[in-house]
Amino acid sequence: MKYMYENPKIKSKLILSDSLDKDVELLRDKTLYKFIWITEGEVELIINYESFIFHAGEIVSLSYLHCMKLGAVRGRCRAMLFNNRFYHIIDHDSEVLCNGLLFNGSQNVISFRVDDKDAFKLNRLVDVFLEELALHDSMQDEMLRIILKRTIILCCRLARSKDGVFSQRCARFEIMRKFYALVDEHFREKKQVQEYADMLNKSAKTLANILSFYHRPPAIKVIHNRIIAEAERLLYYTSKSSKEIAFLLGFEEQALFSRFFKNMTGMNTTQFRRQSRHLMRA
């Protein structure tokens with residue numbers, strides 16, 4: 001079953017679906033942020049050409065940049081989806097602190113577990129969502145936005161808890177989150193760790209220590225992974241040449257981009273384009 005709020009004037013969408021596996025059109029929408037909650041059994045999600053199995057009690061958060069389809073469904077899942085026109089996470093980052101934590105453009109898949117207490121809270125939010133959908137007044141849009149914000153904040157708390165974030169560590173965790181958000185914003189023109197350390201008003205060594213503390217890859221690897229994720233998306237979704245993609249990603253020469261791509265993926269751009277499209281048709 002699918003429930004949707006849509007404002008056609010500004011093309012905003014908020015969707016709740018219990019039948020994502022039967023909704024091809026919804027899966028193909030490349031404008032939606034997604035929370036996928038596995039409520040029973042296990043579900044296979046194919047995300048950016050890679051298969052992942054998630055089990056009951058897990059939530060996966062994906063940005064609109066992630067290519068996703070469902071594989072084997074041996075259970076049930078519930079999805080809440082929204083676009084930037086309904087709630088712009090960058091403009092409202094101070095409200096929910098999710099940019100770079102729940103949503104980023106890297107290849108990393110972010111997931112976390114829900115215990116019975118938090119599952120009760122999520123189900124209660126779903127009930128309120130359905131109640132609000134039945135009302136049609138001037139306050140409906142804002143009420144639904146509040147429900148989404150509460151859902152995002154709850155998921156942020158769960159994701160932070162997974163990293164063992166307590167009050168005395170919040171400042172350190174925020175630096176890491178902001179680093180990921182800055183990489184998302186500037187990876188095309190800034191490719192050196194020191195550039196991001198400067199924007200955070202920290203030394204490169206301090207940034208390295210923070211990432212290590214939370215068991216994250218080194219800063220240069222985070223930057224490179226973000227570049228390669230964008231390169232792969234452009235190769236799959238567009239017909240742009242390697243030269244055009246190199247320019248879009250801020251490489252001065254195509255040869256530098258080609259060498260970087262081969263070092264990161266083990267194949268050239270032509271091989272990747274052929275292989276990824278074959279996998280997505282499978």
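The values are calculated or read from the model by the stated rules, or taken from the named source; none is laboratory data. Everything numeric here is computed off the predicted structure, so don't read it as measured data. We place every Cβ from the backbone using ideal geometry, glycine too, and count neighbours over all the protein chains shown. For the accessible areas, the whole protein counts, side chains as well, though only heavy atoms, and no ligand, DNA or RNA atoms are used. Shrake-Rupley method; radii C 1.70, N 1.55, O 1.52, S 1.80 Å.
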task = Along each of the three principal axes of the Cα atoms of the range 189-240, give the extent in whole Å, ordering the values from largest to smallest.
result = 41, 23, 11
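For the range 131-166, run through the GluC sites (Glu not before Pro) and keep only the ones in DSSP coil with at most 16 other Cβ atoms within 10 Å of their Cβ.
Answer in residue order: no site qualifies.
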key: Rg followed by Dmax, in Å, when the range 1-117 is reduced to its Cα trace   = 13.9, 39
request  = Could you sort 147-160, 244-257, 95-108 so that the peptide with the highest average Cβ count within 10 Å comes first and the rest follow in order?
outcome  = 95-108, 147-160, 244-257
remark   = Under Stokes-Einstein, the range 142-249 at 25 °C and 0.890 mPa s, with its Kirkwood radius over C-alpha pairs, diffuses with a coefficient in µm²/s of 155 µm²/s
query = Once the piece of chain linking Lys11 and Gln194 is laid out straight, how much longer is it, given 0.36 nm per residue of separation minus the C-alpha distance between them?
reply = 61.9 nm
message = Suppose R0 equals 30 Å. What FRET efficiency, 1/(1 + (r/R0)^6) with r the Cβ-Cβ distance, do His55 and Asp18 give to the nearest 0.05?
response = 0.95
request  = Only helical DSSP H runs with n ≥ 4 go in: add -39500 (n - 2.57) per run for the chain, normalise by residue count and round the 222 nm mean residue ellipticity to 500 deg cm²/dmol.
outcome  = -15000 deg cm²/dmol
task = Keeping all protein chains in place, calculate the accessible area per residue for the chain (probe 1.4 angstrom), answer in Å².
result = 52 Å²
query = Which aspartates and glutamates have a Cα lying under 20 Å from the Cα of Lys202, excluding residues fewer than 8 positions away in the same chain?
reply = Glu174, Asp184, Glu185, Glu189
remark   = With the convex hull built on the alpha-carbon atoms of the range 199-282, volume per residue in Å³ sits at 125 Å³
remark   = The set of residues whose placed amide H lies less than 5 Å from the amide H of Val109, leaving out same-chain residues fewer than 5 positions away, is none
remark   = Filtered hits (lysines, Cα-Cα < 26 Å from Lys22, offset >= 8 within chain) -> Lys2, Lys11, Lys13, Lys30, Lys34, Lys69
inquiry  = So if each residue of separation counts as 0.36 nm, and I subtract the Cα-Cα distance between Lys30 and Thr206, what length gain in nm does that give?
reply    = 59.7 nm
query = If R0 is 41 Å, what FRET efficiency do you get for Gln271 and Asn123 from their C-beta distance, rounded to 0.05?
reply = 0.35
remark   = Here the chain gives, from Cα atoms, an Rg and Dmax in Å of 19.6, 58
request  = Extending each Cα 7 Å along its Cβ direction at His136 and Met4, get the distance between those two points in nm, one decimal.
outcome  = 1.7 nm
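Extension gain Lys243-His186, at 0.36 nm per residue separation less the Cα-Cα distance, in nm?
Values: separation 57, 0.36 × 57 = 20.52 nm, distance 2.01 nm.
In short, 18.5 nm is gained.
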Sparse-neighbourhood loop sites, chymotrypsin sites (Phe, Trp or Tyr not before Pro) in the range 111-213 - DSSP loop, at most 11 other Cβ within 10 angstrom = Phe166
inquiry  = How large a share of the accessible area of the chain, in percent, is made up of carbon and sulfur atoms when the probe is 1.4 Å and the other protein chains stay in place?
reply    = 51 percent
